[in-house]
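**Student:** Take this structure, written in structure tokens, and hold onto it; I'll ask about it next.
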RNA sequence: GUCCCCAUCGUCUAGAGGUUAGGACACCACCCUUUCAAGGUGGAAACACGGGUUCGAGUCCCGUUGGGGACGCCA
């Protein structure tokens, strides 16, 4: 049997970390088994579903490289089919019309709450004759669920999970306005789409019992279930906006790489011995549901940053130059001609110091900004009058420098510091500020070589003359 | 409240009855060093608790505690 899986988000919000990981596991599982990975948009609630959310989900999946193998199925287009199945169950006596009013249901809930019992529909219309139906009340169609025995799920992750049927009530299949509910739609669509494995969040585990009963009633084989543990926030509670349940596209904006995102998400709840990093090929070859753990994990930004830094360093300089362009643009910078040349030359030194593309852009900015360079406040403090004098004195020395390469420049600067009675480290920091506007940068002499003699002398003169504006700290 | 699930360093996890309980992130120290990173070396850091079963339990069973999830004419 060939594997068919689906990712089935409801378009009521953005694709967040949890959804992204569910999609990833489905995608990986399908690739591993050479099966199909489908996308179904569960837009059966017209009030909460939006076009923007659909686009955001599609965009997020695309960025992560998790495009579905076929065009997405919109659940709302399949109402007629869902209704058809409901009517068939009704005709077969496996479902019935219920005329209970919202008020009655609310009263039932109140009573259950007061008695400390689970809030369940009491089945008052289950065996009642339709002739007793109150006039003018549009009924819902309820599933006639088994009342005794138990329902058992063989979950690929959770193992055997069972629940007593008394715990479950007669769920609504068709609302009084004739629209199908989620529970019905999911089952019918999964049957029609030929889904073999349902891989989804653990929060759906209890739904699985009801869905299992529906499969049985419809007479369709039940797909294999794999309920993967949820991702929690750093404090162990439900992942929320303030934790990082941001749209995955927010991570794109923060300068994360999709492959880093995938790798991080993969290792959240799944592992393969001590292996930490996986290429896509490795992940596809090694991924299996049996490697998925059962306990929930917490989202950890520090680890994500570290993983991203790892994948950033794996990128070629040429790739990085293209990837960083949009982030440079946000700083109002472009890298053309001389700027592109400097960026390419400086990339090895830059990328070792950046964990994200945002950090990379910020670190690269000094190569691209026009003179006089803005300097950060902490850096400006290093340029006191005495140090400015020293920089002024350094200018002619460097102008006389014939061999403009790292070791020669270092020798020159060390000798200069010695003859002027300066600690080399202090001189170096002052020069660093003059050349980069910051106390932190790639190697000083590497920077000198990449900037070139004229630019270096120009920047030193700016600093000596106190021409640099103070950066506003935004960068 | 009822039902279901979960429980190894702060975090992600390895561990399928006998291990000095391993790795990664973060943290600390040292090395390197012109800053910051990167890199290298080392360190601190865990089996929630209580009962069983067993010659032997992080591993199996039960309970407790703690955490999470589900309980809609939402999905």
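The values are calculated or read from the model by the stated rules, or taken from the named source; none is laboratory data. Nothing here was measured: the structure is a model prediction, and the numbers come from that model. Don't worry about glycine lacking a Cβ; one is built from the backbone with ideal geometry, like all the others, and counts go over all protein chains shown.
**Student:** What are the residue pairs meeting all of these: first residue in the stretch A:187-209, first residue on the phi > 0 side of the Ramachandran plot, second residue at pLDDT 95 or above, Cβ atoms under 6 Å, and 6 or more apart or on different chains?
**Tutor:** Within 6 Å, the pairs are A:194/A:4.
**Student:** Let me ask something else. So, residue A:219, is that one free of Cβ contacts under 8 Å to residues at least 24 places away in the same chain and at positive phi or not?
**Tutor:** yes
**Student:** Now for a different question. For the stretch A:99-119, give me each residue that is over 40 Å from the mean Cα position of the chain (by Cα), within 30 Å of residue A:87 (Cβ to Cβ) and either modelled with pLDDT under 75 or not in a helix (DSSP H, G or I) (or both).
**Tutor:** Within the stretch A:99-119, A:99, A:100, A:101 qualify.
**Student:** Name every residue in the stretch A:20-50 that is in contact (Cβ under 8 Å) with a residue 40 or more places away in the chain and part of a helix (DSSP H, G or I), in order of residue number.
**Tutor:** A:20, A:21, A:22, A:23, A:24, A:25, A:26, A:28, A:29, A:31, A:32
**Student:** Return the residue satisfying two criteria in turn: it lies in the stretch A:161-187 and is over 19 Å from residue A:122 (Cα atoms) and more than 8 Å from RNA strand B (Cβ to nearest atom), and of such residues it is surrounded by the fewest Cβ atoms within 10 Å (Cβ to Cβ).
**Tutor:** A:178
**Student:** In the stretch A:249-337, which helices (runs of 4 or more DSSP H) lie fully inside it and hold 1 or more residues that are more than 15 Å from RNA strand B (Cβ to nearest atom)?
**Tutor:** Once the helices (runs of 4 or more DSSP H) in the stretch A:249-337 are filtered for at least 1 residues that are more than 15 Å from RNA strand B (Cβ to nearest atom), what remains is A:258-266, A:280-286, A:317-330.
**Student:** Regarding residue A:395, is this residue at pLDDT 95 or above, outside any loop (DSSP other than H, G, I, E, B) and in contact with a strand residue (DSSP E or B) (Cβ under 6 Å, 6 or more places away or on another chain)?
**Tutor:** No.
Matching residues to (1) touching a helix residue (DSSP H, G or I) at 6+ places or on another chain (Cβ under 7 Å); (2) in contact (Cβ under 8 Å) with a residue 12 or more places away in the chain; (3) part of a loop (DSSP other than H, G, I, E, B):
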{"residue": "A:418", "(1), (2), (3)": "no, no, no"}
{"residue": "A:422", "(1), (2), (3)": "yes, yes, yes"}
{"residue": "A:430", "(1), (2), (3)": "yes, yes, no"}
{"residue": "A:446", "(1), (2), (3)": "yes, yes, no"}
{"residue": "A:456", "(1), (2), (3)": "yes, yes, no"}
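**Student:** Is it the case, given these coordinates, that residue A:93 is under 21 Å from residue A:199 (Cβ atoms) and at pLDDT below 95?
**Tutor:** It is false that residue A:93 is under 21 Å from residue A:199 (Cβ atoms) and at pLDDT below 95.
**Student:** Inspect all residues belonging to the stretch A:86-98 and state whether any of them is part of a helix (DSSP H, G or I), within 13 Å of RNA strand B (Cβ to nearest atom) and free of Cβ contacts under 8 Å to residues at least 60 places away in the same chain.
**Tutor:** The answer is no; no qualifying residue exists.
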